[in-house]
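Let me begin by presenting the structure, written as structure tokens, before commenting on it.
The values are calculated or read from the model by the stated rules, or taken from the named source; none is laboratory data. What you see is a predicted model, and the numbers here were worked out from it, not measured in a lab. Counting neighbours? That spans all protein chains shown, and the Cβs are built from the backbone with ideal geometry, glycine included. Side chains are part of the model used for accessible areas, which takes the heavy atoms of the whole protein and leaves out ligands, DNA and RNA. Shrake-Rupley method; radii C 1.70, N 1.55, O 1.52, S 1.80 Å.
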Amino acid sequence: MGKMEMFRLHSLRYATARESIGKRSIPMGATYRYKTTHSTTHCLQDISHSSSSSSSQYVGISDCVHLRESKRQGVIVEKSKSVIMRQKFNNLSSFAPDAASIASSIKHHAEFTPLFSSHNFEPSKAFFATAQSVRDALIINWNETYDLYEKMNAKQAYYLSMEFLQGRALLNAIGNLELTGEYAEALEKLGHTLETVASQESDAALGNGGLGRLASFPGLFGYLNYPAWVMGFGTRTFLCDQKLLSLFDPFVPILFGIGNPWEIVRNDVSYPVKFYGKVVTGSDGKSRWVGGEDIVAVAYDVPIPGYKTKTTINLRLWSTKVPSSQFDLSAFNAGEHTKACEAQANAEKICYILYPGDESEEGKVLRLKQQYTLCSASLQDIIARFERRSGGNVRWEEFPDKVAIQMNDTHPTLCIPELMRILMDLKGMSWEEAWSITQRTVAYTNHTVLPEALEKWSFDLMQRLLPRHVEIIEKIDEQLIQEIISKYGTSNPKMLEEKLVAMRILQNFDLPAPIADLFAKPKESPVDETGEKVETNDVVSIPEKTELQGECTSENKAVVKQKATPRPPKMVRMANLCVVGGHAVNGVAEIHSEIVKKEVFNDFFELWPNKFQNKTNGVTPRRWIYFCNPDLSAVITKWIGTKDWVLKTEKLAELRKIEWNHSQFADNEDLQIEWRTAKRNNKIKVALFLKERTGYSVNPDAMFDIQVKRIHEYKRQLLNILGIVYRYKKMKEMTASERKAKFVPRVCIFGGKAFATYVQAKRIVKFITDVGATINHDPDIGDLLKVIFVPDYNVSAAELLIPASELSQHISTAGMEASGTSNMKFAMNGCLLIGTLDGANVEIREEVGEDNFFLFGAQAHEIAALREERAAGKFVPDKRFEEVKKFVRSGAFGPYNYDELMGSLEGNEGFGRADYFLVGKDFPSYIECQEKVDEAYRDQRRWTKMSILNTAGSHKFSSDRTIHEYAKDIWNIDPFEII
């Protein structure tokens with residue numbers, strides 16, 4: 001029997017044995033470690049007090065933080081006895097397979113996985129079999145992780161998000177397991193390379209931007225050993241492939257052709273989800289939601305390993321179906337096949353594509369169904385786990401002490417009324433009890449200051465789809481109104497009215513009658529020429545025009561009608577509900593959090609200042625340097641003298657230390673040569689990638705200037721491409737020798753996606769590709785300037801592009817970017833940034849040094865006044881900006897009519913006009929800053945030093961720090977380490 005087969009057999013025995021381990025509850029506030037040791041572990045206040053040697057191996061449980069000395073010792077020692085049975089099996093779960101046993105496991109899956117024929121062991125089959133073999137190893141640690149959490153009854157965090165941009169999983173998983181070399185050797189034995197096999201994996205992508213990438217926390221929870229679950233919404237089309245074939249149809253959904261090897265369907269983990277129906281009141285006075293459309297949410301689990309730890313966290317995605325009983329067999333036999341399957345089709349389409357277009361009513365319904373399915377299924381799962389761990393003694397007041405729910409943006413907002421519904425309608429609690437539990441359990445992360453991104457739902461739609469939840473939201477709104485009045489009183493009705501209008505959850509609603517009376521204005525009767533009051537009705541009249549004359553006639557002067565102004569639609573403001581219903585609200589960068597407090601939710605901040613926090617985003621250095629940039633990682637490790645920086649990013653700061661001769665470390669010539677060599681190696685890889693993906697050849701000795709992020713007007717890809725157009729125009733006006741002397745060669749790379757219905761974003765992509773097609777084929781320009789849009793930009797493309805980058809553009813309108821995380825990844829890889837003081841740029845500039853960041857543009861506090869200046873017609877555009885727009889309209893970049901795009905930068909008011917994102921205002925500052933970039937790049941010693949200092953200063957932006965802050969300040973959870 002091979003090692004891997006023996007490993008599986010012992011794992012089964014281990015699974016059987018652990019069922020006999022008793023369920024114990026452990027006090028909060030302690031960090032626990034399962035550890036194999038050659039001595040019996042006594043659970044004292046300090047692990048160093050452990051004594052009493054033994055020749056046998058035992059698995060002990062040790063408190064590494066702050067247990068309560070002798071009062072707790074007897075209890076804890078007893079608990080350690082309950083896990084001694086694990087000692088026989090602990091060695092198995094730490095088993096590190098060699099290349100031969102891995103090869104045997106891969107061959108096993110290649111032969112017995114039913115999704116393939118048994119004939120050819122081609123790369124796609126090799127990938128699937130390899131992933132399955134990795135999953136075998138993950139499942140053992142995964143089961144042990146959650147078995148520990150169950151036994152310890154630890155408080156757990158539940159991170160809910162609609163988006164997860166995980167990227168490829170294979171290399172990340174085997175890297176975290178520290179088995180990269182073994183898997184590479186095993187695949188070579190089987191006739192493949194690890195690189196080729198890994199390239200067969202498609203990016204698992206739920207979402208299209210930074211929100212999804214930020215939400216990819218499972219591996220971080222694992223590495224840091226925090227007890228957590230990550231929950232999302234699973235769609236059948238995981239990918240959205242970007243094909244630049246047509247301006248108005250550039251996105252093509254792609255299904256996993258052979259399935260997702262990482263997913264494990266949990267048919268035994270499913271929950272009912274209801275839509276529509278009605279609310280009835282029972283004889284006991286309690287509300288019941290009955291009737292309507294019923295579906296089932298089924299769990300699909302993905303194990304995500306932490307780095308250098310056995311802790312493996314679960315990403316649980318919900319899919320939808322209906323019970324088989326809803327299949328209409330009679331209709332099917334009668335030939336009405338579509339009708340027979342209607343219920344199943346309605347359920348399945350909920351999870352077909354994430355974020356369906358919402359211009360139609362059907363699209364809005366589908367989106368709201370997706371959000372509610374995530375919330376309802378997740379909460380039912382969380383509550384079932386709480387009840388199971390509580391045994392026969394469920395104490396609901398302890399629910400917030402065992403559960404922390406984090407809503408990532410407003411998509412999971414329905415968690416608040418859904419938790420209230422379950423606690424009141426199903427668990428029998430009073431409103432006050434349920435509200436207290438809900439507020440102490442739920443927290444909200446805000447990711448945007450854009451008004452359109454602060455979700456609002458039609459009240460009428462929500463009332464039809466979720467009638468019980470609307471009742472609950474109405475009562476929360478009433479409660480909020482009372483709290484606002486209690487806070488501010490009624491002495492200043494105007495101020496109170498402004499507060500209510502800004503803060504209410506229900507928008508465009510009348511106030512309850514007693515409160516509305518506070519704002520009632522007495523009506524004044526008109527008076528005649530003698531000063532006497534004249535009786536009149538309440539109708540205000542305006543004259544109507546006749547069809548022929550267009551003016552009032554003597555006949556219609558006497559009787560005229562008022563044309564009623566349509567009332568704005570009633571809406572439910574989800575962000576306001578998040579703030580009201582949660583105990584914590586955080587922004588994701590210092591400047592963003594200040595804007596949240598001072599502008600977006602200022603009224604709420606005045607009411608509840610202690611709710612608001614900042615949690616600056618971070619990125620994991622394991623994935624974003626160590627795994628994706630091995631050349632630079634080797635240089636860093638050599639010159640720092642340790643690989644500990646991968647785990648403790650503060651050690652990156654040693655790259656800016658002062659040497660014995662008082663010179664700065666970053667000035668060391670040998671270090672700089674190795675640094676530039678690593679960067680050029682990465683640029684060569686990207687040059688090959690671009691040639692394969694786009695057909696364009698680029699010079700790896702040119703500056704690689706990259707802007708990759710979601711396509712949006714506020715991120716200002718338009719400013720970047722207009723700057724390139726200006727550069728190109730100036731080049732064309734020069735002789736060849738003048739061009740070469742004036743301009744540094746550049747390869748300008750764009751990438752990103754947007755919502756499929758965002759037409760202006762598509763215009764921008766079209767413009768970029770047209771400019772690129774013109775410049776890239778201009779023989780006068782040659783390698784001096786290239787412009788490339790990378791189609792189907794995703795995490796895997798980022799892992800290639802970011803290590804090769806030399807300049808990265810983060811040029812959003814100041815005050816509009818919440819944080820950004822790509823700016824952190826670029827800086828971490830030694831890339832210099834050009835940007836505004838927006839989002840995390842502010843903190844990055846502070847950490848890397850002002851001299852190592854190219855700054856331009858208006859600042860956040862100036863934006864409102866600049867827009868007012870524009871609206872008043874006082875803005876005078878720079879002549880260079882006007883010159884560029886004229887050049888675009890001249891047809892220099894093809895026959896497409898760019899009047900709509902250029903028109904958005906013109907005028908003083910109107911939707912889609914007036915340059916709302918201040919491209920024209922910042923354009924002069926931007927092109928002047930780009931001249932400074934060229935000047936710096938010509939001095940390669942200076943540029944390399946700046947690059948090194950960017951990596952050195954990026955240490956703050958590790959997501960390890962971010963998760964620690966959430967765990968301490970919001971979730972109140974402690975780590976549990978399995979050793």
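Using only the Cα atoms of the stretch 735-834, build the gyration tensor, take square roots of its eigenvalues as a ≥ b ≥ c, and label the shape rounded, prolate or oblate: rounded if a/c is under 1.5, else prolate if a/b is larger than b/c, else oblate. Judged from the Cα gyration tensor, the stretch 735-834 comes out oblate (a/c at least 1.5, b/c at or above a/b). How would you classify the stretch 695-752 from its alpha-carbon gyration tensor, with a ≥ b ≥ c the square roots of the eigenvalues: rounded for a/c under 1.5, else prolate if a/b is greater than b/c, otherwise oblate? It is oblate, given that a/c is not under 1.5 and a/b is not larger than b/c.
Largest accessible area first, the listed residues His583, His192 line up as His583, His192 when surface is computed with a 1.4 Å probe on the assembled protein chains. For the stretch 645-656, the Karplus equation 6.51 cos²θ - 1.76 cosθ + 1.60, evaluated at θ = phi - 60°, returns couplings of 4, 5, 9, 10, 5, 4, 5, 4, 4, 5, 5, 10 Hz by residue, with Gly and Pro reported as x. For the stretch 835-921, with the dipole built from +1 on Lys and Arg beta-carbon atoms and -1 on Asp and Glu ones, taken about the Cα centre, which of Phe853, Val842, Leu866 lies farthest toward the positive end? Projecting each Cα onto the dipole axis, the largest value belongs to Leu866. Sorting 618-628, 895-905 by their mean Cβ neighbour count within 10 Å, with the most densely packed peptide first, gives 618-628, 895-905. Per-peptide packing, taken as the mean over residues of other Cβ atoms within 10 Å, places 170-182, 483-495 in the sequence 170-182, 483-495 from highest down. Projected onto planes of every orientation and averaged, the convex hull of the alpha-carbon atoms in the stretch 576-693 covers 12.2 nm².
Stretched out straight at 0.36 nm per residue, the stretch from Glu483 to Glu882 would grow longer than its current Cα-Cα span by 138.4 nm. Cα-based values for the stretch 792-847, radius of gyration first and Dmax second, are 11.2, 33 Å.
Backbone amide hydrogens, once placed in the peptide plane, bring Leu511 within less than 5 Å of nothing, excluding anything fewer than 5 places away on its chain.
Remark on Lys310: its backbone amide H falls under 5 Å from those of Ile978, a criterion applied only to residues 5 or more positions apart or on other chains, H modelled at 1.01 Å from N. Taking all protein chains together and a 1.4 Å probe, the residues Phe887, Phe601 rank Phe887, Phe601 from largest to smallest accessible area.
Where the alpha-carbon atoms of the stretch 318-461 are placed on the principal axes, they occupy 55, 46, 24 Å, in descending order. Amide H contacts of Gln166: Leu206, each under 5 Å away and 5 or more positions distant or on a separate chain (H built 1.01 Å from N in the peptide plane; Pro and chain starts excluded).
Cut-off under 13 Å on the C-alpha distance; same-chain residues fewer than 8 positions from Lys427 excluded. Which aspartates and glutamates are left, in chain and number order? Qualifying aspartates and glutamates at Cα under 13 Å: Glu387, Glu397, Glu418. For the residue pairs Lys475/Lys615; Lys189/Lys691; Lys615/Lys968; Lys456/Lys499, alpha carbon separations beyond 23 Å are given by Lys475/Lys615; Lys189/Lys691. For the stretch 721-768, the square roots of the Cα gyration tensor eigenvalues, ordered a ≥ b ≥ c, give a/c of at least 1.5 with a/b greater than b/c, which places it in the prolate category. A straight line joining the Cα centroids of the stretch 131-192 and the stretch 416-455 runs 32 Å. When a 1.4 Å probe is rolled over the protein heavy atoms, the share of accessible surface on the stretch 669-820 that falls to carbon and sulfur comes to 53 percent. Here the 3J(HN,Hα) profile of the stretch 619-632, calculated from phi with Karplus coefficients 6.51, -1.76 and 1.60 at θ = phi - 60°, is 10, 7, x, 5, 6, 9, 10, 4, 7, 8, 9, x, 5, 5 Hz, Gly and Pro shown as x.
The stretch 629-652 and the stretch 808-825 have Cα centres lying 26 Å from one another. Residue-wise HN-Hα couplings along the stretch 915-921, as the Karplus relation 6.51 cos²θ - 1.76 cosθ + 1.60 with θ = phi - 60° gives them from phi, are 6, 4, 9, 6, 5, x, 5 Hz; Gly and Pro carry x.
When each of the peptides 98-109, 948-959 is scored by the mean number of other C-beta atoms lying within 10 Å of its residues, the order from highest to lowest reads 948-959, 98-109.
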